[in-house]
Structures are given as structure tokens and as C-alpha cells.
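The values are calculated or read from the model by the stated rules, or taken from the named source; none is laboratory data. Please read these numbers as outputs of a predicted model, since none were measured by experiment. Virtual Cβ from ideal backbone geometry, glycine too; neighbours counted across all protein chains shown.
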Amino acid sequence: MDKESLLRLVELLHKDKDIDKDIVFQGIESALESATRKHLKTSEPISINIDRETGEIVAVQGGQEIDLSDLGRITAQTAKQVIIQKIKEAERDVIYNEYVERKGTIVSGMVQRLEGSTIIINLGKTEGYLPKSEQISNEFHRPGERIRCIVGEVKKAGHRVKILLSRTHSNFVRQLFELEVPEILDQIVEIKGLVREAGYRTKIAVFSEDPNVDCVGACVGVRGTRIKNIVDELNGEKIDIIRWDDVHEVFIPNTLKPAEVTGILLSPENQVATVVVPNDQLSLAIGKRGQNVRLASKLAGWDIDIITEVELEREREREEADGSTEKDVDGTISSEDDTGNEVEGARVVGDAGSEEVEK
């Protein structure tokens, strides 16, 4: 290969594959050294250097310069094969480094094909793998469909990079909020906590130190536009936006939204909160298969026991009958009824700082 062709090859690989020029030069030098040693049948070290500006190739063995033009066509073919291998490795490293840096962030691609239960997604320069375990259970995707996922594990596999994607990870929802709510990206609104059962329900606690900023309203958006975009991306997954508070007596009832809470008693020694709800709110507080109280407990970091007002009254009567000291339920929190502000895909559920979002 003449000097001009060599320089053109390096420039082409640099622009097309985004591979550093020096890495390409090093690959070619390594390939030529290997091919030259095989041709000369020697174990002595051979040094080959390519001038980065002119493309001039200089080969030296034992202090003497070697004429590469005498090495023959077989050596050139061997060098070509090694160069191709080195270029593939360099291309793999470029993709690997790019997606390692993007780990935990959202990428967009197109569904290319299905391999069993795994969805292969075209990300442009490479492919991503969305395994069944990282797919939302009630979703179905077809080839040609645009899809967004979060980058999970990134690993090298031979000359390729295997990028594992996820739509079930909690950080997927966190990233969606950061994309849709500029106040979060600008750190005006802070996400204090987020728990999720993918495909069913997410609870997210938000807070702002700026008294002029309504953290819940910022996440909902004008007429619910921001939260609707997120809910649509998640195919109708319910989202409860909760106003964070460092006072447990306030925050724990908030986490149980959309259920209304009338009283709470904390046992700090074992991190248990006993919460009192109206009789008709019990099933709402517990949620389907215990989902609402389970997520609330994770978000608050407390075990939550729920009792109705009737059960509380019976307990008080039992204690009075036994001559026990009456236990008052301190820190009673009252909430107003639904405001009735309807938006498409979202419903405001009280001014204790929570929003329930449904499709």
C-alpha cells in the first residue's frame, strides 16, 4: 500500500468509525510487525514505525532497515487480516467506552427483530438487547417500532459489545422525569425517593427548597402535559407524585395517597407506623394485592400497619374495659376531598401533596 492510500485509509476509519488516528496507526504497525516476523521466520524483535504526517513506513531489525517491498503478497495478505482484526477491536472499544459512559441513561432505538423473548434494538452504531426480565409485562413491541430504554450492563463479547437495556428499572422513570421536567434537571426540584413495580405503579417523592416553586405542580405540568407524556411512555402505569416532608407524621400519610389518612402513631424503636384510615378507604390504602401500602412502606422506609377508625374505636373500648390507659393517636392528619381538577391521564387527589396519575 502506497503512502497516500495508507493516509486515506487512516482518515476514513477515523471519520467513519470514530477511531482515534493513532490507534489505527498502531494497529497497522502491529500487523506489519507480526507479518514480517512470520515471513522472515525469526523470533528477533522487529520495529516498524509509520510517519503520522507522510505515511512513510520504516522497518528495523537488529539495527538494520528492512525493505518491506520484498516481503511478498502473502505477507501483505497476512498484514491485511491483522489490520482488519485490530480495526474491529478498536471499533468495539469506541462503542464500549461510549455506552459505559451512558450507563444509567435513556437511549432511543428501533425494534429490529425478536430472538425468542429478547428484543434486539438498533441503536445506530450497534445493537442493544432487551431481555424478557427487563420488559414491562403488559407491553408488546413490533419490528420497526421506536422504543426508549435505559442502558444497563455493558460488556465486551469477542469483537462485539453487548449492551443490555431495561424498561423496568426505577431509574428509567427517574430519567423520564428529568427529561420532561426542566426544574429537576436544573436542580430546582429534587427527587427524594422513587419506588416502582414496573407496569403497575410508581411512587415518586419530590421536594423544592424554593417556596415559590410547587414541586408537584412542576412535575404535572400545565394541564397535566408533562406527566401525561411520562404515563404514555409507560403505557398507562399509575404514578403517584408525592410531596416529600422530613416530618414522618406528614410524609408517611402522603405516601399512602390516593387513600386519605385520619391519624398516625409512630413507633420509632422498631420503625413501625400505625396509620388510621376511614372505613371506606381501607382497600384503597392497601391497594390491589397490597401494592399501595407495600410501595408506600418502601418509599417511607417504615413498616406500615393500617387500621380503620372502627378498629381503633374497638381497641379503645377494649382497653377501657380492661382498665388500661387510653392510647391517643397523635399527629392526626386530615385531608380534603379530591379537588376534582381533571386532566387527561391525571387526577389531583388532595392537598397533602400527592397526585395519582392513571390512564
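If you go through segment 133-159 and keep only what is crowded, with 16+ Cβ neighbours inside 10 Å and in contact with a helix residue (DSSP H, G or I) (Cβ under 9 Å, 6 or more places away or on another chain), you end up with 148, 149, 150, 151, 152, 154. Taking the numbered list (1) touching a residue at least 12 places away in the same chain (Cβ under 8 Å); (2) loosely packed, with under 14 Cβ neighbours inside 10 Å in turn, residue 240 passes all entries but (2). Of 163, 204, 136, all but one fail to be under 22 Å from residue 227 (Cα atoms), at pLDDT 95 or above and within 17 Å of the chain's Cα centre (by Cα); the exception is 204.
Name the residues in segment 101-124 that are of a type in the set (A, V, I, L, M) and either within 13 Å of residue 149 (Cβ to Cβ) or modelled with pLDDT of 95 or more (or both), would you?
Of everything in segment 101-124, those that are of a type in the set (A, V, I, L, M) and either within 13 Å of residue 149 (Cβ to Cβ) or modelled with pLDDT of 95 or more (or both) turn out to be 106, 107, 110, 111, 119, 120, 121, 123.
Here is a check on your reading of the model: is residue 153 acidic (Asp, Glu), touching a strand residue (DSSP E or B) at 6+ places or on another chain (Cβ under 8 Å) and under 17 Å from residue 241 (Cβ atoms)? Here the answer is no, as residue 153 does not meet what is asked. Screening segment 258-359 for helices (runs of 4 or more DSSP H) wholly inside it with 1 or more residues that are closer than 25 Å to residue 215 by Cβ and either among the basic types (Lys, Arg) or modelled with pLDDT under 85 (or both) returns the ranges 291-300.
Across segment 206-235, the qualifying residues are those that are surrounded by 14 or more Cβ atoms within 10 Å (Cβ to Cβ) and of a type in the set (Asp, Glu), and the one among them that is farthest from residue 150 (Cα to Cα) is 214. Of all residues in segment 116-126, those that are within 20 Å of residue 97 (Cα to Cα) and surrounded by fewer than 17 Cβ atoms within 10 Å (Cβ to Cβ) total 3.
Residue 230 meets the conditions (1) of a type outside the set (S, T, N, Q); (2) closer than 30 Å to residue 140 by Cβ; (3) out of contact with any Leu (no Cβ under 6 Å at 6 or more places or on another chain) in every case but one. The failed one is (3).
Being among the basic types (Lys, Arg) and surrounded by fewer than 21 Cβ atoms within 10 Å (Cβ to Cβ) holds for only one residue in 203, 162, and it is 162.
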